[in-house]
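The values are calculated or read from the model by the stated rules, or taken from the named source; none is laboratory data. What you see is a predicted model, and the numbers here were worked out from it, not measured in a lab. All Cβ positions, glycine included, derive from the backbone under ideal geometry; neighbour counts span all protein chains shown.
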Amino acid sequence: MATAESAPDNLTRIYSRFGEILLFGTQTTEFWGDTGSAGFPFARVQGTTQPWGIAAIEAVDDLAGTVAFLGTNLSGEVQVFLLNGYTPIRISDSEIENAINGYAAVSDAIFYSYMIDGHQMLQCNFPTGGATWLYDATSSLASARSDDRSANSILNSASSMRFETSRSFPAMVMAF
């Protein structure tokens, strides 16, 4: 059985990717790899524990060959991350983080990823905050959704979206 071991906090989400499992706690994340042994074939990957937990159990998804998640640190600050190997790389800027951290709750956040015209998109829905943020992993731009359509309708009518703001983020280097 897998339990958070290197920095025990409350385990809130187990996520599988590329033959590994990520154990998201409230304040830390551990990576476990397949050892191939009989019984329980996973063991903690030494030296990979990160000081960021997950802020909402549904705020994690595959994006651009890696994993995006809504992370929270020991002080409760919330940021959006992409993993670069085992290292979380911040993709939200301070303006987006100020907005997100100002919502009454983020525990109900939901992340979706999809493609639009060759662009890998991450949709970050914050129901309590009444807001949706989009991150384009292809161009490293983030935008706030300015319309009030349902989250699922974006998949069917992407060409009619309007954006209030766009921000450029530094280019990401992915290594696996």
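Key figures for this structure:
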quantity: Residues located in the stretch 79-113, provided they are assigned to a strand (DSSP E or B) and within 14 Å of residue 125 (Cβ to Cβ); calculated: 80, 110, 111, 112, 113
quantity: Yes/no for residue 91 being touching a Phe, Trp or Tyr at 6+ places or on another chain (Cβ under 7 Å), under 22 Å from residue 142 (Cα atoms) and among the aliphatic types (A, V, I, L, M); calculated: yes
quantity: Flag if residue 39 is farther than 18 Å from residue 88 by Cα, of a type outside the set (Phe, Trp, Tyr) and either modelled with pLDDT of 85 or more or not in a strand (DSSP E or B) (or both); calculated: yes
quantity: So residue 12, is it in contact with a Gly (Cβ under 8 Å, 6 or more places away or on another chain), closer than 28 Å to residue 132 by Cβ and surrounded by fewer than 21 Cβ atoms within 10 Å (Cβ to Cβ); calculated: yes
quantity: Qualifying residue in the stretch 20-32 (condition: in contact with a strand residue (DSSP E or B) (Cβ under 7 Å, 6 or more places away or on another chain) and at pLDDT below 90); calculated: no
quantity: Per-region count, the stretch 126-144, residues of a type outside the set (A, V, I, L, M, F, W, C) and either within 18 Å of residue 94 (Cα to Cα) or at pLDDT below 60 (or both); calculated: 6
quantity: Number of the exception - residue 123 against (1) modelled with pLDDT of 95 or more; (2) in a loop (DSSP other than H, G, I, E, B); (3) surrounded by fewer than 21 Cβ atoms within 10 Å (Cβ to Cβ); calculated: (2)
quantity: Residue 105 vs. criteria over 30 Å from residue 33 (Cβ atoms), among the aliphatic types (A, V, I, L, M) and surrounded by fewer than 21 Cβ atoms within 10 Å (Cβ to Cβ); calculated: yes
quantity: The listed residue being closer than 24 Å to residue 135 by Cβ, in contact with an Asp or Glu (Cβ under 8 Å, 6 or more places away or on another chain) and of a type in the set (Val, Ile, Thr), out of 66, 49, 28; calculated: 28
